[in-house]
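*Asks:* Following this message is one structure expressed as structure tokens.
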Amino acid sequence: MTIPAKDMDFTVFCIFDHDAGTVFEAVADPDQLSKHFVMGGAKGRMDAGAVVTWEFADFPGAFVVSVIESVPGQRLVFDWPKNTGTGHNRVTFSFSATEPGRTRVEVSEAGWEPTPGGLQAAYGNVMGWSYMLATMRTWLDHGLAVRPGMFR
């Protein structure tokens with residue numbers, strides 16, 4: 001089965017009851033990101049040109065994340081390893097105010113191999129990014145870390 005590569009790209013979103021700067025910091029700041037998403041820890045701030053690491057307590061090893069663009073309150077773009085072997089995918093976080101104090105966050109990922117294995121990996125990351133947005137919202141709204149134990 002051959003799948004057109006452009007059909008492998010996806011975007012998920014969530015609306016937060018916080019301003020864009022606050023929501024941006026929940027991703028860019030390694031201390032905050034470690035509280036709701038990368039339970040094994042994030043090392044390094046998501047600034048343009050930075051190379052940071054993310055460790056998920058329920059997946060072995062560190063993921064190396066190369067930050068391409070970082071515009072506070074607006075956009076984060078980074079490359080990270082494909083979970084299907086070699087190469088990298090491009091992830092883009094877009095932050096936009098929907099009304100005062102509310103922010104729509106879109107997460108897009110592109111670069112999947114147009115194969116059945118690549119399709120399965122993309123489906124997994126659709127779930128992962130959707131869940132990340134939900135756990136980030138829960139953490140920002142209530143200070144609760146709900147990710148621990150979710151995948152193990």
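*Asks:* So how do 109, 69 line up by other beta-carbon neighbours within 10 Å, fewest first?
*Replies:* With the sparsest Cβ surroundings first, the list reads 69, 109.
*Asks:* Using Cβ counts within 10 Å as a stand-in for footprinting exposure, how do 86, 103 rank, fewest first?
*Replies:* Ordered from fewest to most neighbouring Cβ atoms within 10 Å, 86, 103 come out as 86, 103.
*Asks:* Also, I was wondering about something else. Report, in deg cm²/dmol and to the nearest 500, the calculated mean residue ellipticity at 222 nm for the chain, where each DSSP H run with n ≥ 4 adds -39500 (n - 2.57) and the sum is divided by the residue count.
*Replies:* Values: 3 runs with 43 residues, N = 152.
Mean residue ellipticity at 222 nm (helix-derived): -9000 deg cm²/dmol.
*Asks:* Right, next: What is the sum of charges, Lys and Arg at +1 and Asp and Glu at -1, for the other residues whose Cβ falls under 12 Å from the Cβ of residue 76? Don't skip to the end; give the middle numbers.
*Replies:* Working: positive: 45, 75, 90; negative: 25, 29, 47, 69, 79, 106.
Taking every other residue near residue 76 into account, the sum is -3.
*Asks:* Just to confirm the filter: which chymotrypsin sites (Phe, Trp or Tyr not before Pro) across the range 1-109 are DSSP coil and have at most 11 other Cβ within 10 angstrom of their Cβ?
*Replies:* Within the range 1-109, no chymotrypsin sites (Phe, Trp or Tyr not before Pro) qualify (loop, at most 11 other Cβ atoms within 10 Å).
*Asks:* Let me ask another. Using unit Cβ charges (K, R positive; D, E negative) and no other charged atoms, how large, in debye to the nearest 20, is the dipole of the chain about its Cα centre? Don't jump to the answer; show the numbers that get you there.
*Replies:* Working: 12 positive and 17 negative charges, 46 e Å.
Computed charge dipole of the chain: roughly 220 debye.
*Asks:* Taking the Cα centroid of the range 112-138 and of the range 52-81, what is the distance between the two, rounded to the nearest whole Å?
*Replies:* 14
*Asks:* Could you run the Karplus curve 6.51 cos²θ - 1.76 cosθ + 1.60 with θ = phi - 60° over the range 21-29 and give me ³J(HN,Hα) per residue in whole Hz, x for Gly and Pro?
*Replies:* Running phi through 6.51 cos²θ - 1.76 cosθ + 1.60 with θ = phi - 60° gives x, 5, 5, 4, 4, 5, 9, 6, 7 Hz.
*Asks:* Still on this model: Ordered by residue, what ³J(HN,Hα) values in Hz, to whole numbers, does the range 125-142 give under the Karplus form 6.51 cos²θ - 1.76 cosθ + 1.60, where θ = phi - 60° and Gly and Pro are x?
*Replies:* Karplus values, whole Hz, x for Gly and Pro: 6, 4, 4, x, 5, 4, 5, 4, 4, 5, 5, 5, 5, 4, 5, 5, 6, 10.
A short reminder: the numbers here are calculations on the coordinates, not readings from a lab. Only a predicted model underlies this, so the values are computations on that prediction, with no experimental measurement involved. Positions of Cβ are backbone-derived with ideal geometry, glycine not excepted, and every protein chain shown enters the neighbour counts.
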